[in-house]
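Asker: I have a structure here, written as structure tokens, and I will follow up with some questions on it.
Readers should treat all values here as calculations from the given coordinates under stated rules, not as data from a laboratory. Computed from a prediction, not measured in an experiment: that's the story for all the values here. Cβ atoms come from the backbone with ideal geometry, glycine included; neighbour counts cover every protein chain shown.
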Amino acid sequence: MKFIETLKASLLASALASVVGGQALAARCTDDIANLPAAKSGARAPAETEAPLDPMTQLQLIAREAAKRSAEVGAARLLAEAAEYDLEETKGGRYPQVSVSGTVGAGNTKVDGVTTQKGNLSSVSLNMSSNLYDGGRLNRLTEWRTQLAGSAKYGAAVTQEQVVLEAVTTALERNRYRLQAQVYQQYARKMSCLVEALEGIVAEDKGRASELVQARKTQAQTELSRDGALAQSRQIELRLRKLIGDKLSLGEGITVPLAAVPEIGEINRQIEFGNDAQQLRTQADAMDSYARAVVAGQKPQLNWALSKTEGMAGSAKVSSWQAGVSVSYSLFNGFSDKAASMAATKRAESARQQLAELLASKFARTAEIYDIATTSLERAKRYVDVLRDSERVRNFTFQQWSQLGKRSLFDVMSAESDHFGLRIAYVNSLHDGFAASAQMRSMGAGLTAWLMPEQKP
């Protein structure tokens, strides 16, 4: 009995010594959850330094830099500009076409073996022509080019939206793994404290060596998890730099504006007029216009023409002019006009079916994303209450083990594992909600419209 009392006294003395006066170690090994990132506006992430800019401004800079640096966005914009020039080319057919031509050389003309003209020849001709009637073909072609230009603009906007969404979600993922690394670092620090305390205990009681081995194993596993999170953060940081460069100084606070989930009804209304839906609509309208242009091209085509020629044939001056109206009409072309018209009509119908599928898919996806966003953020809020209780449990368990000897190391390790597992789950739930909120906005009017309202398709 006396031996047991002596052992308890020895263990208590070792534990108290490892705590540095009974309080220093407990303070160093106890983590407060007050600095956890919160799902409410204005909250800050743990160990977050003061950001140079407010969260909304940071998100806006991410969007602008991503759009400015993306070669994919640049290529889409160039295609939109090219479509505008195609439209101008078609519109040019409304105006008279004027051309000039000239010849210089030598010639010899004989009639019944008698030379009638010989010597140097030179002439210059001025030609003008324009359309009088084409059955509306030029107007339909102009409509076709106009709608193609509109489709190209919407396509550029869709491409930009994809790039902006990628940049924002990449920034969110970087923050996710940074916070995970912070949590694992705190866990590793706590395990280090336990190892330190156990080293003092084992120095007095060699029979507790297995507990020290277990604590060291958990510490090593935690450090591996921390290093894995840091590696993920570095790799995502490289992807983010590719998207926005390395000049922006971003803090974890960029998540704050995304804590507000947009209403699903408003997003569904915006989906019907989103850039991708408008792109398909204009493509369908363009194909309809082209089909009508093909039909109009089979009607009689009337053009007026005027030409004037002045020249020299040897020493003789030559002058002529001609004016009139030409008519052309295709009697038979192997049904190629009908085939071209039907092909355009089929493409228009295909675009409309793609539009119907797009809207149905996005409406269904919106409901799913909205549920993910709201439940993830709500779950994160509930984690806060659970974490407060978990914080108290782990502290009580640690104190009872280190100071009173009433708990086993297994109890301490279990409490720590549960607590830090909850913190990782909290971080993941929070960022799942933020990412879903960003995707919700992207599916509606778009992140570009939210973060870069000055840009319109």
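Asker: Output the peptides 317-323, 282-288 sorted from most to least packed, where packing is the average of other Cβ atoms within 10 Å over each peptide's residues.
Answerer: In descending order of packing, they fall as 282-288, 317-323.
Asker: Follow-up. Calculated from DSSP H runs of 4 or more alone, at -39500 (n - 2.57) each and per residue, what is the 222 nm mean residue ellipticity of the chain, nearest 500?
Answerer: My calculation for the chain gives -23000 deg cm²/dmol from helical runs alone.
Asker: Still on this structure, I have one more. Can you quote the Å³ per residue value for the convex hull of the Cα atoms in the range 142-294, rounded to an integer?
Answerer: 171 Å³
Asker: May I ask for the net charge around residue 348, where only other residues with Cβ less than 10 Å from the Cβ of residue 348 are counted and Lys, Arg are +1 while Asp, Glu are -1?
Answerer: Net of charged neighbours comes to 0.
Asker: What whole-number distance in Å separates the alpha-carbon centres of the range 200-252 and the range 300-352?
Answerer: Centre-to-centre distance over Cα atoms comes out at 76 Å.
Asker: Pop the C-beta distance of residue 122 and residue 336 into the FRET formula with R0 = 60 Å and round what comes out to the nearest 0.05.
Answerer: The formula returns an efficiency of 0.90 here.
Asker: Hey, can you rank 203-215, 133-145 by average C-beta count inside 10 Å, highest first?
Answerer: Listed from highest to lowest mean packing, they are 133-145, 203-215.
Asker: Further, regarding this structure: Using the C-alpha gyration tensor of the chain, what are the square roots of 5 times its eigenvalues, in whole angstrom, with the largest one first?
Answerer: Semi-axes from the Cα gyration tensor: 82, 24, 16 Å.
Asker: For the charge dipole of the chain, defined by +1 on Lys and Arg C-beta atoms and -1 on Asp and Glu C-beta atoms about the Cα centroid, which residue among 380, 393, 191 has the Cα displaced farthest towards the positive pole?
Answerer: Towards the positive end, the residue furthest out is 380.
Asker: Also, quick follow-up: Taking 1 over the mean of 1/r across every pair of different Cα atoms in the range 360-446, what Kirkwood radius in Å do you get?
Answerer: 14.9 Å
Asker: Let me ask another. Would you mind checking the pairs 190/406; 153/247; 68/242; 68/247; 206/406 and listing those with alpha carbons more than 22 angstrom apart?
Answerer: Over 22 Å apart, Cα to Cα: 153/247.
Asker: Treating only the Cβ of Lys, Arg, Asp and Glu as charged (+1, +1, -1, -1), what charge dipole size does the chain show about its Cα centre? Round to the nearest 20 debye.
Answerer: Dipole magnitude for the chain comes out near 660 debye.
Asker: Continuing with the same structure: May I ask you to order 419-432, 345-358 by the average number of other C-beta atoms within 10 Å around their residues, highest value first?
Answerer: Ranked by mean Cβ neighbours within 10 Å, highest first: 419-432, 345-358.
Asker: Follow-up. Among 210, 366, 320, whose Cα lies farthest out toward the positive end of the dipole of the chain, if unit charges sit on the beta carbon of Lys, Arg (+1) and Asp, Glu (-1)?
Answerer: It is 320.
Asker: Let me check I have the definition right: for the range 405-455, take the eigenvalues of the Cα gyration tensor, multiply each by 5, take square roots. What are those semi-axes in whole Å, largest first?
Answerer: 45, 8, 4
Asker: Take the Cα atoms of the range 70-228, find their three principal axes, and give me the spread along each one in whole Å, biggest first.
Answerer: So the three principal-axis extents are 135, 39, 19 Å.
Asker: Is the range 283-362 rounded, prolate or oblate when judged by the Cα gyration tensor, a ≥ b ≥ c being the square roots of its eigenvalues, rounded requiring a/c under 1.5 and prolate requiring a/b larger than b/c?
Answerer: Note, shape of the range 283-362 comes out prolate.
Asker: Quick one: Cα centre-to-centre distance for the range 368-391 and the range 400-435, in angstrom?
Answerer: Here the answer is 16 Å between Cα centres.
Asker: What FRET efficiency comes out for residue 385 versus residue 418 if R0 is 22 angstrom and r is the Cβ-Cβ distance? Round to the nearest 0.05.
Answerer: 0.90
Asker: PRE reach from residue 98 (point 7 Å along Cα→Cβ): which of the range 122-163 fall under 20 Å by backbone N?
Answerer: 124-132
Asker: Now, a different point. What's the long-distance tail for the range 319-412, i.e. % of Cα pairs beyond 20 Å?
Answerer: 75 percent
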